[in-house]
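What follows draws every value from the coordinates through simple rules; no lab data is involved. Predicted model, so just to flag it, every value in this text is computed and none were measured. Please note: Cβ atoms are built from the backbone with ideal geometry, for glycine as well, and neighbour counts cover all protein chains shown.
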Amino acid sequence: MLDEIKKDADNRMAKSVAALQQELTKIRTGRANTTLLDHITVEYYGSQMPLNQVANIGIEDSRTLIVTPWEKDMVQPIEKAIMTSDLGLNPVSAGTVIRVPLPALTEERRKDMIRIVRNEAEGGRIAIRNIRRDALHDAKELLKEKMIGEDDERRAEGEIQGITDKHVGKIDKVLADKESDLMEV
């Protein structure tokens, strides 16, 4: 029973770390990265499709993304979708190719981005602590129902705290990596 609780907590905490990493890929660092456009959807024959399913996305140089639609009539909708996204990018179309230049980040904008990244990381830590709380509650329930002894419950508490510390450490590493990326000129 306790092993299941610990394994479940570990899996859920790992998913929280992965979700944070995914969220941080949307925050741009000034370098071209194809994952920057992953969350953009485009109107395609009456339904919303992810951009990477209607076009090839590549990197032309360190500050320019290149989007090549699979169909010529998709250039305008893709350009509009990129423009209206929350990324603040201005695509430039040249025939069937769309170039997306990434503007250089100012010092003030970098600090704003770091503030956003830290808030996201704190949200990840809170999620992990909530998972820890649930796991500890489940262990206490087993103790109340006399399915485990107090020693087992205390040992499980320590192991759950160890799992929590491991995942919080991962979040701190992800945060440090992203902050150094953002401050790199």
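Rounded to the nearest 20, the size of the Cβ-charge dipole of segment 34-101 about its Cα centre is 100 debye, with Lys and Arg at +1 and Asp and Glu at -1. Check cross-link reach from Lys80 to the lysines: straight Cα distance under 25 Å, and skip same-chain residues fewer than eight apart. In chain and number order, the partners are Lys26, Lys72. Under the combined filter of DSSP loop state and at most 11 neighbouring Cβ atoms within 10 Å, segment 1-100 retains these chymotrypsin sites (Phe, Trp or Tyr not before Pro): Tyr45, Trp70. The tail of the calculated P(r) for segment 34-101 beyond 18 Å holds 24 percent of all Cα-Cα pairs.
Looking at segment 109-145, the GluC sites (Glu not before Pro) that sit in a DSSP loop and have at most 16 other Cβ atoms within 10 Å of their own Cβ are Glu145. Only one residue of Ile163, Gln48, Ile27 has its Cα farthest out toward the positive end of the dipole of the chain, where Lys and Arg carry +1 and Asp and Glu -1 on Cβ, and that residue is Ile27. For segment 79-185, trypsin sites (Lys or Arg not before Pro) are listed when DSSP marks them as loop and at most 12 other Cβ atoms sit within 10 Å of their Cβ; the list is Lys146.
Here the dipole of the chain is about 360 debye; that uses its Cα centre as origin and unit charges on the Cβ of Lys and Arg (positive) and Asp and Glu (negative). Among Met113, Met13, Met49, sorting on how many other beta-carbon atoms sit within 10 Å of each Cβ, with the fewest leading, yields Met49, Met113, Met13. Restricted to Cα atoms, the chain shows a radius of gyration and a Dmax of 22.2, 72 angstrom. Put in order of Cβ neighbour count within 10 Å, fewest first, the listed residues Val168, Val42 become Val168, Val42.
Scanning residues 5 or more positions from Ile59 or on other chains, those with amide H under 5 Å from its amide H are Ile66, with H placed 1.01 Å from N in the peptide plane.
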